[in-house]
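Participant: Here it is: the structure, laid out below.
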Amino acid sequence: MKYVVVLGDGMADEPIEALGGKTPLAYANTPIMDKLSKLSEIGMVHTIPDGMKPGSDTANLSVMGYDPKKYYSGRSPLEALSIGVPMKDTDVAIRCNIVTISEENVPFEEKTIIDHSSSEISTEDCAVLLKEVMKELANKTYQFYVGTSYRHCLIWDKGSVVELTPPHDVLGQVIGQHLPQNEALREMMRKSYDILVNHPINIERKKQGLNPANCCWFWGAGTKPMLDSFEEKTGKKGMMVSAVDLLKGIAVGAGMGTVEVEGANGGLHTNYAGKVDAAAKALLEEDYDFVYIHVEAPDEMGHQGSMERKVQAIEYLDEKIIGPMVEKLEQAGVDFRMLVLPDHPTPIRVRTHTSENVPYMLYDSTNKQTNVWNYNEAEALKSGNLEPVGHQLIEKLLEA
């Protein structure tokens, strides 16, 4: 038996009047998921433990079978693992987004945050910008590391796990009240704007109608993580297929395999075929039992507040990931189980994560059910199936 998780990050949502009162998942044209749902168990799962913030970090730990209340030590340390940062026990890792803030002639604190991803800037361009920041701000206490796209890492030697605000939680707001209380971090953010605002890359981006990547934004502080081995926990050898450092970092911490898929960028137009090929190779040609295919696009479109593009991201997930993956496994003649779900909702209305339960679909090629439902939030709720402890859902996928 082979095991597959297809994770549509932030795919869950709320009913939207412009979609006829449907969620993007219910509205999207998803013939593959509709077909599989008739043969599958569907239900709702509570991925965010009560009292914890609804992040992709805590939610994906839950989906992978790790209780966030036990294993979570902060988001950025997991990403640091993926980048290969050699964290000491006394280090604090902090996510460093390169964001877009407004450029009107007002004090820094009175500027507005416009875009947490700087129009999904490429890794190549953002690395150039971050290196300019590093020239002026890096020292023995603060070291910067290049990640993927707009997502990078700051390591604070002998630092503190300070409270920091995720940029995607305050889009469209004046930044002053959301800046770090820590004076050194706040001053580095202010200086980064001065360094980046007139950089040639940003001047060119504005000419092209793209958002400039003009400020470092710090969030997600945490200490060195300690995860149990996924293989020792489950008896399954696992592979992570994701463009996002957070997910690759969780995999590294759990002793899972990771793969670099060329052209996989965490955006709407990622290399879907490459992800499927990598997952199929791990299961069918290598000795992996389990693959976790993570697709970031629905979450990014939710943060952008784009209803149309979120629907498109879900349709791409159906057409370019789930359909081809099922086809490859069926053609190979292997028995498999596939779990499809979001990690958390990212509703268009709020443009950030929420803690509501999310729908799951569990398909077993050896035990096809006969149902009339489609896979979406409303019908999963009506099914009456509920997993109130998110990190236990994987046991249902992996049970013999």
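Participant: Set the Förster distance to 22 Å, then compute FRET efficiency between K38 and A378 from the Cβ-Cβ distance, nearest 0.05.
Facilitator: For K38 and A378, the calculated efficiency is 0.85.
Participant: Quote the Stokes-Einstein diffusion coefficient, in whole µm² s⁻¹, for the stretch 83-222, based on the Kirkwood radius over alpha carbon pairs, a temperature of 20 °C and a viscosity of 1.002 mPa s.
Facilitator: Values: Rh = 14.9 Å.
Answer, rounded: 144 µm²/s.
Participant: Next up: Can you tell which of G238, G333, G323 shows the greatest fluctuation in a Gaussian network model of the chain with Cα springs below 10 Å?
Facilitator: Per the Cα network of the chain with a 10 Å cutoff, G333 tops the list.
Participant: Which of the residue pairs K206/K275; K140/K248; K233/K275; K140/K224 have a Cα-Cα distance greater than 29 Å in the structure shown? Don't skip to the end; give the middle numbers.
Facilitator: Numbers: K206/K275 32 Å; K140/K248 27 Å; K233/K275 25 Å; K140/K224 18 Å.
Too far apart for the 29 Å limit: K206/K275.
Participant: Can I ask one more? State the extension gain, in nm to one decimal, for the chain segment bounded by K53 and V197, taking 0.36 nm per residue of separation less the distance between their alpha-carbons. Don't skip to the end; give the middle numbers.
Facilitator: Working: separation 144, 0.36 × 144 = 51.84 nm, distance 3.19 nm.
Roughly 48.7 nm would be gained on extension.
Participant: Okay, moving on. What's the local net charge at H391, with K and R +1, D and E -1, over the other residues with C-beta under 15 Å away?
Facilitator: -4
Participant: Tell me which residues come under 5 Å, amide H to amide H, from E387 once H is placed; ignore anything under 5 positions away on its chain.
Facilitator: Distant-sequence amide H within range of E387: M44, V45, H46.
Participant: If you stretched the chain out fully between S229 and E399, how much longer would it get, using 0.36 nm times the residue separation minus the C-alpha to C-alpha distance?
Facilitator: Full extension from S229 to E399 adds 59.4 nm.
Participant: Kirkwood Rh over alpha-carbon pairs of the stretch 142-247, then Stokes-Einstein at 10 °C and 1.306 mPa s: what D in µm² s⁻¹, rounded to an integer?
Facilitator: In µm²/s, the coefficient rounds to 95.
Participant: Moving on. Which ordering of D169, D228 is given by a fewest-first count of other beta-carbon atoms within 10 Å?
Facilitator: D228, D169
Participant: For each of L329, L381, L36, count neighbouring Cβ atoms within 10 Å of the residue's Cβ, then give the residues from fewest to most.
Facilitator: L381, L329, L36
Participant: Also, quick follow-up: Using a Gaussian network for the chain with springs between C-alpha atoms less than 10 Å apart, which of these wobbles most: L171, L210, L61?
Facilitator: Per the Cα network of the chain with a 10 Å cutoff, L210 tops the list.
Participant: Over the chain, what number does the Rg to Rh ratio reach, with both radii from the alpha-carbon atoms and Rh per Kirkwood?
Facilitator: Result for the chain is an Rg/Rh of 0.97.
Participant: What is the packing order of peptides 239-245, 124-130, taking the mean over residues of other C-beta atoms within 10 Å and listing the highest first?
Facilitator: In decreasing order of mean packing, 239-245, 124-130 become 239-245, 124-130.
Participant: Which of P212, P15, P167 moves the most in a Gaussian network model of the chain with Cα springs under 10 Å?
Facilitator: Between P212, P15, P167, it is P15 that shows the largest mean-square fluctuation.
Participant: Would you list the P(r) distribution for the stretch 11-62, with all Cα-Cα distances sorted into 10 Å bins from 0 and each bin expressed as a whole %?
Facilitator: For the stretch 11-62, the pair-distance distribution reads 20, 34, 38, 7.
Participant: Along Cα→Cβ, 7 Å out, is where each label goes; now give me the distance between the ones at V162 and N367 in nm to one decimal.
Facilitator: 5.1
Participant: Which lysines have a Cα lying under 17 Å from the Cα of K22, excluding residues fewer than 8 positions away in the same chain?
Facilitator: Partners within reach: K310, K382.
Participant: Please give the length that would be gained between R186 and E262 if that part of the chain were fully extended, namely 0.36 nm times their separation in residues minus their C-alpha to C-alpha distance (nm, one decimal).
Facilitator: 23.8 nm
Participant: Now, a different point. Fewest Cβ neighbours within 10 Å first, please rank K236, K140, K131 accordingly.
Facilitator: In increasing order of surrounding Cβ atoms, one gets K140, K131, K236.
Here, each number is a calculation from the coordinates, and none is a lab measurement. Since we're looking at a predicted model, the values are computed, not measured. No Cβ is skipped: glycine too gets one built from the backbone with ideal geometry, and neighbour counts run over all protein chains shown.
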